[in-house]
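Below is one structure; the comments refer to it alone.
The values are calculated or read from the model by the stated rules, or taken from the named source; none is laboratory data. Everything numeric in this text was worked out from a predicted model, so none of it was measured. No Cβ is skipped: glycine too gets one built from the backbone with ideal geometry, and neighbour counts run over all protein chains shown.
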Amino acid sequence: MTQSKVVEIPVHANAAGNAANHAALRTIRARVIEVRKQNGITDSDAEPGESKVNPDDPFQGLIGSGNVIEPPFDMLTLSMLSEHSTELGQCVDAMEVNIAGTGHRLPSRLRLDDVTPVSGERPKESPAAQAAKAERVRLVNFFQYATRESFVAFRRKLQKDLEQTGNGYFEVLRNAAGEIQGFTHVPSYQVRLGRMDEDARKVNRKILELQVDGSVQLKTQDEWRRFRKFVQTRSVHRHTLRTLQGWKAVWFKEFGDDRLMDKNTGEFRDNVPVKDRATEMIHLKIYSGRSPYGLPRYIGNLLSIFGDRAAEEINYITFRNNNIPSMLLLVSNGQLTQGTIDRIQSFVESQVQGSDNYSKFLIVEGEPFGEEGEDGGQVKVDAKPLTGQQHKDALFQNYSENNQDKIRRAFRLPPIFVGRSDDYTRATAESSRKLADEQVFAPERVEFDNLMNRILFPEMNVLYHKFKSNSPNTTDNSQLVKILGGAEKTGGMTPRIARAVLEDILGIDLPELPAGFPADVPFSLTMAEAVKNKADTSEVGQTVTALKALGVLGPDGELDIGVEVEKGELSESEMAGMAVKLMALNRTVEKLWRRQQDLESSEEE
């Protein structure tokens, strides 16, 4: 017969925390039994006391009425798991820093620094270029103060919530004119999802549409959508771990819903005062097919997290209490007097240094066997050390290590990202960084970029710029130099492309190219054109310049090969052609002479 697993948990002063933990344990099918002892009286004997705190979860009433969907796991418990695990916190921090901690930049959608390849002159600045510059200034100022903290810190909070609970939320603030002016992070454990609308509504959605000429236009399209509500509530905690009774629920509407909602009741109506109108919320989640909520990546490793915690607690209790004493004092055929025991205890406590538990020993006494009045034999006292049986190291080390590996693999992180780098070489470390960025971090950054570019930027009327998250430099610089050098030789590398590569690697926006510089012409052609322009205006091409540099032609154009030519008899192009022919003839004659010399030398030998 299958037996239920019994998990004993001591009663904690925080009733709300205990209720959350019990809900999580019930989810993994563990039966929880609270063991409580007060002055030696068990729960079965004592009179039950009356609770002084609110026993209900703030969302239970809303869930019971059908307005709110219950999450598959308790969000508060999931958000606290990092506090009770030696591995989960490092994994969450690694995901948070590498995905959301690298910052962002605002690359332009348009090529505003085009120049004419022939003349090399920059055209007159167009109205689109002027609007793009103004838009860039607006975006820089917006992201500087869009959140109370820095935008990087705001993104890191969202990512941490996403990794801990599988869900992230932030509020979108608009001014009186309906323009987006900022964002506010909302802790994920405080939010629950409302029911989705039964009927779809027709709304106008702003989109950015690419044109044939490369420009971008802001348009609107009609679409049918079903929206849902969100509700946030928060219990107040004191330093005494008592939860105050009462809470206040605040309702939010989904981003893009143009209806007016009362933030206090969650009802849609037409005459809501401005101060009571609900704001919009955006929900980020790690997709789960069985729930509208997201689920964290480690959800399949809950038992590994609890098991590792239990192993840590057993080790702590073992070392703290020293379950095996350091020595046994065996007394046979007699008993020690209480005075002797007190003297031994006083000596150990005053003279033996170290932990109290490790300096204690066990006294085992034995009484003589026989009838009263008979001689029971000689009393014997023996001291037997037990230091060899004491635990010298932690218990369950292999079990704990396997659990930690399972937790880390749930995030698909190489060991170096959680501090395990003892046996790593530089090549292995670089490969691990590159693989993790390609397979784990970069796709997550792309998802947030898509949210900004597809959802928020059209609502902000941003036409000329994109949101791009920075990525760490995981490129091999030596290989990059070879690639750029090969592309330059084949004409595939232009200054504009090279700058785009540098901006992506360095994560910064480089200044514009100088006026008149051909950004879309390979730099080798630009240099060749610059060398050609250094020649005299009356010379044909660079052949004459090269011949002058070799000394074949003099500064006045005369041939310096022993042939006198009157000036004016030959044109410069004819002199250049004649010089080339004479140079070829000279090389041929020299080769024939050297061959003849070699033949004569061989005959003499």
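Test ASP423 against the stated conditions and say whether it is assigned to a loop (DSSP other than H, G, I, E, B), of a type in the set (Asp, Glu) and at pLDDT 65 or above.
yes
Out of GLU438, GLU444, GLU430, report the one residue that is assigned by TED's automatic domain parsing to the domain that holds PRO296, in contact (Cβ under 8 Å) with a residue 60 or more places away in the chain, on the phi < 0 side of the Ramachandran plot and in a helix (DSSP H, G or I).
When all the criteria are applied, what remains is GLU444.
I'd like the full set of residues that are of a type outside the set (Gly, Ala, Ser) and buried (at least 21 other Cβ atoms within 10 Å of the Cβ), limited to region 82-105.
GLU87, LEU88, CYS91, VAL92, MET95, ASN98, ILE99
Looking for something at pLDDT 75 or above, assigned by TED's automatic domain parsing to the domain that holds LEU193, surrounded by 16 or more Cβ atoms within 10 Å (Cβ to Cβ) and part of a loop (DSSP other than H, G, I, E, B) - is there at least one such residue anywhere in region 300-313?
Checked region 300-313: no residue is at pLDDT 75 or above, assigned by TED's automatic domain parsing to the domain that holds LEU193, surrounded by 16 or more Cβ atoms within 10 Å (Cβ to Cβ) and part of a loop (DSSP other than H, G, I, E, B).
Please specify each residue of region 160-189 satisfying the condition of being among the hydrophobic types (A, V, I, L, M, F, W, C) and outside any strand (DSSP E or B).
Matches in region 160-189: LEU162, ALA176, ALA177.
Just name the residue that is surrounded by the most Cβ atoms within 10 Å (Cβ to Cβ) out of those in region 426-467 that are closer than 18 Å to LEU284 by Cα and in contact with a helix residue (DSSP H, G or I) (Cβ under 8 Å, 6 or more places away or on another chain).
That would be PHE441.
Is there any pair with a first residue in region 193-219 that is under 14 Å from GLY256 (Cα atoms) and free of Cβ contacts under 8 Å to residues at least 60 places away in the same chain and a second that is among the acidic types (Asp, Glu) and in a loop (DSSP other than H, G, I, E, B) whose Cβ atoms are under 6 Å apart and which are 6 or more apart or on different chains, and what are they?
Here the result reads none, with nothing in region 193-219 linked to a residue that is among the acidic types (Asp, Glu) and in a loop (DSSP other than H, G, I, E, B).
Across region 174-205, what is the total count of residues that are of a type outside the set (Ser, Thr, Tyr) and within 22 Å of GLY103 (Cα to Cα)?
Selection size over region 174-205: 7.
Looking only at residues in region 202-216 that are in a strand (DSSP E or B) and over 33 Å from the mean Cα position of the chain (by Cα), which one is surrounded by the fewest Cβ atoms within 10 Å (Cβ to Cβ)?
That would be LYS202.
LYS229: of a type in the set (Lys, Arg), modelled with pLDDT under 90 and within 24 Å of ARG277 (Cβ to Cβ), yes or no?
no
Out of the residues in region 145-159 that are over 14 Å from PHE467 (Cα atoms) and either in a helix (DSSP H, G or I) or aromatic (Phe, Trp, Tyr) (or both), which is modelled with the lowest pLDDT?
TYR145
Using the structure shown, decide if LEU158 is touching a residue at least 60 places away in the same chain (Cβ under 8 Å) and within 27 Å of PHE59 (Cβ to Cβ).
yes
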